[in-house]
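Peer 1: Would you mind keeping the following structure in view while I ask a few things?
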Amino acid sequence: MFAGLFLFLYHTYRPPEMKKKLVLFVLFIVPIVVYLFFATGVHNFTTLPILTRSVPEMGNWKTLSGKPIKLQDKITVLAFGGDSLRSRQGDYFNLNQKIYERYHEFRSLQFVVLCPFGMEPEAKRLLASMDATSDVKDWHFVFAPKEEIAAFYKGLRLRGQLDADLGSDNVVLIDKKRNLRGRPVEKEYKESYSMMHASELSNEMLDDFKILLYEYKKAYKSNNVVKKQPRHEK
């Protein structure tokens, strides 16, 4: 479109001064217009919308270290391992590479995989495999009875369902107030992100993840500004 307009004007108006102005216009103005056009055409929330408010807190379930994990006051990337962690190993390597390695040192962020009892040996093997290339200290595998996992998942109020083994290839984002975040607009509805597809992790999930982290970074900076303001004596 812009190229056609330029050629029309260029061939219509021959004076050298006009040619010079048209060249300058194309070199400096058109790139800015194109950038703004595409920038406004993408998913561009300033905050990531809430899909489910106040999801259930995790039960008194234990990790491999024997410690409980809580969602409150944490940003959580939550997955469901099911009875087939080994078959989903590639999924976790994708998530580890695309998201975890870049952001796991962010304060108050945790990566949690909820699994049925009996999956402890497979979880240890998976962690050992990832530990060869990553610092896995912020990966937490949590173990619970199957009926409690099913009840917990129901409390997330998602459209998608767990597989028969109570696992999933998808992960969800939960904020510090236990709100499940995503994209509510029907045209691009997104309640979870597929670990099977590296492109989805690198695009949709990464975009939404950055927005969520930015919310907390912005809030943290605002709180610091307020604290540094001098108190006025009455």
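Peer 1: Which number in (1) among the aliphatic types (A, V, I, L, M); (2) in a helix (DSSP H, G or I); (3) surrounded by fewer than 16 Cβ atoms within 10 Å (Cβ to Cβ) marks the one condition that Ile149 misses?
Peer 2: So the condition that Ile149 fails would be (3).
Peer 1: Taking the condition of a type in the set (Asp, Glu) and either within 19 Å of Met58 (Cβ to Cβ) or at pLDDT 95 or above (or both), does Asp175 pass?
Peer 2: Judged against the criteria, Asp175 is a match.
Peer 1: Continuing with the same structure: So which residues in the range 132-147 are at pLDDT 95 or above and over 19 Å from Asp169 (Cα atoms)?
Peer 2: Pro145, Glu147
Peer 1: Please state which of the following conditions Phe93 fails to meet, knowing it meets all the rest: (1) of a type in the set (Phe, Trp, Tyr); (2) touching a Leu at 6+ places or on another chain (Cβ under 7 Å); (3) not in a strand (DSSP E or B).
Peer 2: (2)
Peer 1: I want to confirm something. Restricting to the range 98-120 and keeping residues that are open to solvent by 70 Å² or more (accessible area, probe 1.4 Å) and out of contact with any Ser or Thr (no Cβ under 8 Å at 6 or more places or on another chain), which single residue is farthest from Thr76 (Cα to Cα)?
Peer 2: Among them, the one singled out is Phe117.
The values are calculated or read from the model by the stated rules, or taken from the named source; none is laboratory data. As the structure is a computational prediction, the values presented were derived from the model and not from experiment. Reconstructed Cβ throughout: ideal geometry from the backbone, glycine too, with neighbour counts over all protein chains shown. Just the protein is used for accessible areas: all its heavy atoms, side chains included, with ligands, DNA and RNA removed. Shrake-Rupley method; radii C 1.70, N 1.55, O 1.52, S 1.80 Å.
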